[in-house]
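The numbers here are math on the coordinates, done by the rules we state, and not lab data. Since we're looking at a predicted model, the values are computed, not measured. Counting neighbours? That spans all protein chains shown, and the Cβs are built from the backbone with ideal geometry, glycine included.
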Amino acid sequence: MFDEYPSPDDFKNIYCDQMQFDKLDPFIDFFKNAKQYGDIRDLTTLRERLVIEDFVRTYHNHYRKTLMSYSFSKYYYDKGIPDSFADCTSLDHRRRIGFEYHADLFFFKLFSTLEMIAHILNRRFRIDFASEKVSFKKVTDKVLKLKATSSDAGLLYIADILDTITRSKAFTSADKYRNALTHRNPPLHDTIWVKGDTIAVSAPNSTTCSQVFSIMNDSLDLLHELLLSLKQLASISGNWYIEETTP
């Protein structure tokens, strides 16, 4: 299906441009700065540490795949994909398919990354949602409710950040696109459109690759903004897991 792939250098240049781990990743020092297991004397603290470690590893996995999907999408997009089907050559169509495939993965992995962040915040602030009930939106709503009565500097800080992010155009556009991708005909896919006596392969004014790539860029910037905020949260709140004190 794909007769073009980025060379190792092409991919590395795109991927590494986004992969600013030292600058962006709030969990990069999680293992380096955390206590050794033998130094933890409380079983509850140890359990929390192990649970959050698992979420951090899964977060890293999703985040890397988000960037990998973005890198492949950008490679095909930068080759030039006409927004009009009528202007597409056979090669353009193949590049469009490559872009579409990796863009779909990007949105799925982007929101999987946000879900893992929600799991970490759920444990860190003892929101206590059961694991299967956790979502980025639910945890955000709960944090905003807790803000009214909390004196936790970390919670107060992150509540404002989450509120700003979930109200932003970048988030709502990405969320709307992901929902359409999941629950309806994917916006970039060719679909049968019928209106009166008119039958067409794609509806007029349908979503273009340019529009999708713009949403991808904005949502990736938003994710990086959130990661920087979480890095600041780590400096405010200390450990990502709560240490119990033994009486």
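Restricting to the stretch 122-166, name every residue that is within 18 Å of L223 (Cβ to Cβ) and among the charged types (D, E, K, R).
Passing the criteria: K137, D160, D163.
Within the stretch 82-107, how many residues are crowded, with 21+ Cβ neighbours inside 10 Å and in contact with a Cys (Cβ under 6 Å, 6 or more places away or on another chain)?
Of the residues in the stretch 82-107, 1 are crowded, with 21+ Cβ neighbours inside 10 Å and in contact with a Cys (Cβ under 6 Å, 6 or more places away or on another chain).
Which residue out of N179, N122 is assigned to a helix (DSSP H, G or I) and either under 17 Å from H62 (Cβ atoms) or touching a helix residue (DSSP H, G or I) at 6+ places or on another chain (Cβ under 7 Å) (or both)? Explain how you work it out, then say what you get.
Values: N179 fails: either under 17 Å from H62 (Cβ atoms) or touching a helix residue (DSSP H, G or I) at 6+ places or on another chain (Cβ under 7 Å) (or both).
None of the others qualify; the one that does is N122.
Keeping to the stretch 71-88, report how many residues are farther than 10 Å from F11 by Cα and part of a helix (DSSP H, G or I).
Pass one, the stretch 71-88, residues farther than 10 Å from F11 by Cα: 73, 76-88.
From the residues that got through so far, the ones that are part of a helix (DSSP H, G or I) too are 73, 76-78, 85-87.
Adding up the residues that qualify gives 7.
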